[in-house]
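Below is one structure, written out as structure tokens; the observations come after it.
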Amino acid sequence: MGQHLQGTQKSVEAWTIHGIAVKAALQLGLHSAEASKRFSSSDQEIRKRTWYGCVILDRTLSMTFGRPAAIPDDYVKLELPRSLDDGGSPGLAADPRSFVSVNFFNATM
């Protein structure tokens, strides 16, 4: 929603939605490797990618609207996302597009 509102003339609404999303992400501990330890490895990756999605949007909105970032640099300390195994049978090759996708996401960060 925040990304959609960024492309409209509703910058106040974009910042409001983004602020709510960042607050929820912090409360869920998405920024913390320690808080994610109790989850499965695939859930940890999803949490990490969700957090970095918030960070990317935060930096984009702050740059676009000339406002300071809502997420301090000290809160961006997680490892970059990795490609997930597809969970299929051993010996099956993982989809090479997933590696490219993760690499692109990481390069964006």
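Pick from the range 65-84 the residues that are in a helix (DSSP H, G or I) and either of a type in the set (Phe, Trp, Tyr) or in contact with a Ser or Thr (Cβ under 8 Å, 6 or more places away or on another chain) (or both): which of them is farthest from residue 31 (Cα to Cα)? Give the derivation first.
We begin by selecting, within the range 65-84, every residue in a helix (DSSP H, G or I); these are 65, 73-75.
Going one step further and asking which of them are either of a type in the set (Phe, Trp, Tyr) or in contact with a Ser or Thr (Cβ under 8 Å, 6 or more places away or on another chain) (or both), we end up with 65, 75.
Working: 65: 24, 75: 6 Å.
Among those that are in a helix (DSSP H, G or I) and either of a type in the set (Phe, Trp, Tyr) or in contact with a Ser or Thr (Cβ under 8 Å, 6 or more places away or on another chain) (or both), it is 65.
Do you know which of the residues in the range 1-32 that are modelled with pLDDT under 85 and surrounded by fewer than 14 Cβ atoms within 10 Å (Cβ to Cβ) is farthest from residue 51 (Cα to Cα)?
9
Could we say that residue 42 is over 13 Å from residue 78 (Cα atoms) and at pLDDT below 95 here?
yes
Please work out if residue 37 is out of contact with any strand residue (DSSP E or B) (no Cβ under 9 Å at 6 or more places or on another chain), exposed (fewer than 14 other Cβ atoms within 10 Å of the Cβ), more than 20 Å from residue 75 (Cβ to Cβ) and basic (Lys, Arg).
no
Cβ-Cβ under 6 Å, sequence separation 6+ or interchain: first residue in the range 14-36 and more than 13 Å from residue 71 (Cα to Cα), partner among the charged types (D, E, K, R). Which pairs?
36/47
Regarding residue 78, is this residue modelled with pLDDT under 90 and over 30 Å from residue 16 (Cβ atoms)? Let's see the steps before the verdict.
Details: modelled with pLDDT under 90: yes; over 30 Å from residue 16 (Cβ atoms): no.
Criteria not met by residue 78.
Of all residues in the range 45-79, how many are surrounded by fewer than 16 Cβ atoms within 10 Å (Cβ to Cβ), under 9 Å from the mean Cα position of the chain (by Cα) and closer than 17 Å to residue 15 by Cα?
Final tally of qualifying residues: 1.
Only residues that are of a type outside the set (S, T, N, Q) and in contact with a Leu (Cβ under 8 Å, 6 or more places away or on another chain): list them for the range 36-64, please.
Pass one, the range 36-64, residues of a type outside the set (S, T, N, Q): 37-39, 43, 45-49, 51-59, 61, 63.
Across the range 36-64, the qualifying residues are 45, 47, 48, 51, 52, 54.
If the requirement is being assigned to a helix (DSSP H, G or I), over 23 Å from residue 107 (Cβ atoms) and not aromatic (Phe, Trp, Tyr), which of these qualifies: 13, 45?
After applying the criteria, what remains is 13.
The values are calculated or read from the model by the stated rules, or taken from the named source; none is laboratory data. In this text, all values refer to a predicted model and were calculated from it rather than measured experimentally. Cβ sites come from the backbone with ideal geometry, for glycine too, and all protein chains shown count toward neighbours.
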